[in-house]
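Chemist: Let me give you the structure first, and then I'll get to my questions.
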């Protein structure tokens, strides 16, 4: 039985002031595997005070000093890569293939921020004036469970590069991952108070971060609903916000694409992180004239997708993170059938032999209309919607007919054609002919998928305030 009974504040692992205990439940067995003592408002205030004090000196560090800290962090993360991958798989049921990719991306993200920092210009000229970009202050970082360590590394490497200090509230469902990541940052030797971790609930620790006047900026990844609450609370003290929120990403297969080659990749995009990913390509837009052919190929591919033990290297869909999330996805599968969509694969109920865990069958609906709830609302599970379109203009209209705009995918034999279509899509990132990640390219959303960007120069500037000196 695991016991997470420490938070990380001012360079030390401390017993929290908070006393509430939360059970840790395995998504594979639904059995209790441990407990965590949650931090409270006092713990959060202490962490903010430590970060505020540390900011006085850390904000004055040189570019070279901050690069050195990032290089130490990268070395520690690289050395503990297997541990970081394994704890993700164990704690929330992320598949090994996905979690190992996340760990590699963490290393790439740190390297990319080091490269960015080396050439970033903190002093510029505008007109006849000098402009200095200075760190915004103490950053409150609130992150979800579905790629916890990845989000921590992305946001904190950027904060460190900018000269900011931070207080992090991870999801209460990712405390084991957070404990290990806090150990990595501690071993990297950052000054006391620069990085602080407080486990706790959103309406306790998250609320204190949102309202605390000594927090200058909030960086949040999570649902659009919670993002709106944070944004409303942040405005009272004029906090800067970066919000990376939900998505309902279109995946457009053009009529010149090789279906046998593209559909397996498209399905992998839909079931990314067992479908528990804001960037998952869960709306598959296909030519109306090829719908029958697409259905046949999709059905054959999905039948061979392994739903099972997330530790197995060939598992594509692991369990949902919690019983609550499992029930949410099952409810959407029922809704899809009630709305009149055709159930092509999967459906309600757990796969045979996996009754103990939060497993959802790999599910596909076809003949989906874009105004159906299953096509408009973020399900966050392995549920793919196939939507037919008439022509390119219709495909673009369907793709953009959503409140979200985080990610999109396009498959075409003609790359220039795909680029032309990409220019007309309302999405922060668009992948052409596959899944890819660029640690220097901006990531964030249009519309209700968020505010601001992360990664590279675009992400770094979100942690800086421009100061103009005239005359």
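Each reported figure results from applying straightforward, stated rules to the coordinates on display, with no laboratory input. Fair warning: this is a prediction, and the values are worked out from it, not measured in the lab. We place every Cβ from the backbone using ideal geometry, glycine too, and count neighbours over all the protein chains shown.
Chemist: Given the -39500 (n - 2.57) contribution per DSSP H run of 4+ residues, what per-residue ellipticity at 222 nm results for the chain, rounded to the nearest 500 deg cm²/dmol?
Modeler: Details: 15 runs with 184 residues, N = 471.
It comes out at -12000 deg cm²/dmol, rounded to the nearest 500.
Chemist: For an R0 of 22 angstrom, estimate the FRET efficiency from the Cβ-Cβ distance between residue 229 and residue 376 and round to the nearest 0.05. Intermediate values should be presented prior to the final figure.
Modeler: Values: r = 21 Å, r/R0 = 0.96.
Plugging the Cβ-Cβ distance into 1/(1 + (r/R0)^6) gives 0.55.
Chemist: One quarter of the convex hull surface, Cα atoms only: what value does that give for the chain in nm²?
Modeler: Working: hull surface 88.6 nm².
So the Cα hull casts an average projection of 22.2 nm².
Chemist: Here's a follow-up. Helix 175-187 against the longest principal axis of the chain: what's the angle in degrees, Cα atoms only, rounded to the nearest 10?
Modeler: Once rounded, the angle reads 40 degrees.
Chemist: Okay, next question. So for the stretch 1-133, averaging the separation of alpha carbon pairs under 8 Å that are six or more residues apart and normalising by length, what relative contact order in percent results?
Modeler: Numbers: 129 pairs, mean separation 23.8, N = 133.
RCO, the stretch 1-133: 18 percent.
Chemist: By how many degrees, between 0 and 90 and to the nearest 10, does the Cα long axis of helix 224-234 differ from the longest principal axis of the chain?
Modeler: So the helix axis and the longest Cα principal axis differ by about 20 degrees.
Chemist: Report the full-extension gain for the segment residue 129 to residue 237: residue separation times 0.36 nm, less the Cα-Cα distance, to one decimal in nm.
Modeler: Numbers: separation 108, 0.36 × 108 = 38.88 nm, distance 2.88 nm.
Value of the extension gain: 36.0 nm.
Chemist: Please report, largest first and rounded to whole Å, the three semi-axes of the ellipsoid equivalent to the stretch 250-432, where each semi-axis is the square root of five times an eigenvalue of the C-alpha gyration tensor.
Modeler: Largest first, the stretch 250-432 gives 26, 16, 15 Å.
Chemist: Something else now. Distances over 28 Å make up what percent of all Cα-Cα pairs in the stretch 168-318?
Modeler: Value for the stretch 168-318 (Cα pairs over 28 Å): 44 percent.
Chemist: Counting only DSSP beta bridges with both residues in the chain, tell me the antiparallel percent, nearest 5.
Modeler: Values: 25 of 64 bridges.
Percentage antiparallel, nearest 5: 40.
Chemist: Now for a different question. Looking at the stretch 250-432, what % of its DSSP beta bridges pair antiparallel, to the nearest 5?
Modeler: Numbers: 3 of 22 bridges.
Beta bridges within the stretch 250-432, antiparallel portion: roughly 15 percent.
Chemist: Then there's this: Normalising by the residue count of the chain, find the relative contact order in percent from Cα pairs under 8 Å and 6+ residues apart.
Modeler: Numbers: 1083 pairs, mean separation 87.2, N = 471.
Taking the mean separation of contacting Cα pairs over the length of the chain, I get 19 percent.
Chemist: Taking 0.36 nm per residue of separation and subtracting the Cα-Cα distance, what length does fully extending residue 258 through residue 20 add? It would help to have the intermediate numbers written out before the result.
Modeler: Values: separation 238, 0.36 × 238 = 85.68 nm, distance 5.49 nm.
My answer for the length gained is 80.2 nm.
Chemist: Rounded to the nearest 10 degrees, what's the angle between the helix 323-339 long axis and the longest principal axis of the chain, both from Cα atoms, 0 to 90?
Modeler: 40 degrees
Chemist: With the contact rule set at Cα under 8 Å and sequence spacing of 6 or more, what percent relative contact order holds for the stretch 250-432?
Modeler: Values: 342 pairs, mean separation 50.3, N = 183.
Normalised by residue count, the contact order of the stretch 250-432 is 27 percent.
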